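Let me begin by presenting the structure, written as structure tokens, before commenting on it.
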């Protein structure tokens, strides 16, 4: 089990619950062995295992060609088959999703808050910074609101600076349960143009960049290439995903399926779709969305994002 990149070979040896394990990193100059935390699995994320590794070796492991990683994410046949799509509907899944719901509504979490679960149901927490990029009015803030299960703003209002939100999403990938912590960063287009420090702040240590366009606005789709070229000069191997907003208005779409397919093929990026409306209410007098129904709405999107980020990390440490 090895991954070869720029002359570096990485061997990873994992244990089961009964023994300790080693992570062995060998380059052309020297070898180091690092103790791994107990209870690690070959299907699990390696961040826990290598967090005590000297930075020089960690840098060597993560020194990969970002284009090659991107190709693997787009074209690998396993993508879409590792995550359990309807797991949130199962009895096991409901135990974990109860920690992100309160009175059948989605909980909102602050930067220092996290879901509360019993010790026997406490999964690994995987944190990812996600930056939303796109023209004004495509629905960046509305998309974050939709994913978080809060009310989508009824009218457009330009985000004056940077808006950050934290979303927790349990998912079962490769038969192991993880709690994904998505830290969304949303910046207004005018603020990005006016203040030079905003884009570097959004891109610092970013894990994924979502390039948004609206199905009802063809110019926003045409502008994707410009958005991607501007970001590509500042990203550091971040996952790139294109998101089509206002998919609930697909009947009025100005963008054809053939255009979407051609864009995916040319730029080698996946295109996800999101509806920017709250469909279900608890009852007629309630203003908050029905949390359980909203889970069904956003599960395909969040499961796909979680799977691609998890898979990207597996590639980075040579597991696939």
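Checked against (1) under 27 Å from residue 313 (Cα atoms); (2) at pLDDT 90 or above; (3) surrounded by 17 or more Cβ atoms within 10 Å (Cβ to Cβ), residue 205 passes all but a single condition, namely (3). Answer yes or no as to whether residue 185 is at pLDDT 95 or above, crowded, with 16+ Cβ neighbours inside 10 Å and more than 23 Å from residue 314 (Cα to Cα). The answer is yes for residue 185.
Any residue that is outside any loop (DSSP other than H, G, I, E, B), within 16 Å of residue 148 (Cβ to Cβ), in the same structural domain as residue 198 (by TED's automatic domain parsing) and modelled with pLDDT of 90 or more - is there at least one of those in region 109-122? Scanning region 109-122, I find at least one residue that is outside any loop (DSSP other than H, G, I, E, B), within 16 Å of residue 148 (Cβ to Cβ), in the same structural domain as residue 198 (by TED's automatic domain parsing) and modelled with pLDDT of 90 or more, so the answer is yes. Evaluated against (1) out of contact with any strand residue (DSSP E or B) (no Cβ under 7 Å at 6 or more places or on another chain); (2) modelled with pLDDT under 80; (3) assigned to a helix (DSSP H, G or I), residue 99 falls short on exactly one condition, (2). Report the residue count in region 123-144 for those that are under 30 Å from residue 217 (Cβ atoms) and outside any helix (DSSP H, G or I). So the count comes out to 12. Applying the criterion of being in contact (Cβ under 8 Å) with a residue 12 or more places away in the chain and within 14 Å of residue 179 (Cβ to Cβ) to the residues of region 108-121, the residue that is surrounded by the most Cβ atoms within 10 Å (Cβ to Cβ) is 115. Could you grab me the full set of residues in region 125-139 that are out of contact with any helix residue (DSSP H, G or I) (no Cβ under 6 Å at 6 or more places or on another chain), touching a residue at least 60 places away in the same chain (Cβ under 8 Å) and under 26 Å from residue 99 (Cα atoms)? Once the filter is applied, which keeps residues that are out of contact with any helix residue (DSSP H, G or I) (no Cβ under 6 Å at 6 or more places or on another chain), touching a residue at least 60 places away in the same chain (Cβ under 8 Å) and under 26 Å from residue 99 (Cα atoms), region 125-139 yields 126, 129, 130. Summed over region 140-161, residues that are under 18 Å from residue 110 (Cβ atoms) and either modelled with pLDDT under 85 or touching a helix residue (DSSP H, G or I) at 6+ places or on another chain (Cβ under 6 Å) (or both) total 2. Quick check: anything in region 243-262 under 20 Å from residue 180 (Cβ atoms) and modelled with pLDDT of 95 or more? Yes: one or more hits. Residues that are in contact with a strand residue (DSSP E or B) (Cβ under 7 Å, 6 or more places away or on another chain), under 19 Å from residue 274 (Cβ atoms) and in a helix (DSSP H, G or I) do occur in region 145-168, at least one of them.
The values are calculated or read from the model by the stated rules, or taken from the named source; none is laboratory data. Just so it is clear, the model here is predicted, and its values are computed rather than measured. Every residue, glycine among them, receives a Cβ derived from its backbone with ideal geometry; neighbour counts consider all protein chains shown.
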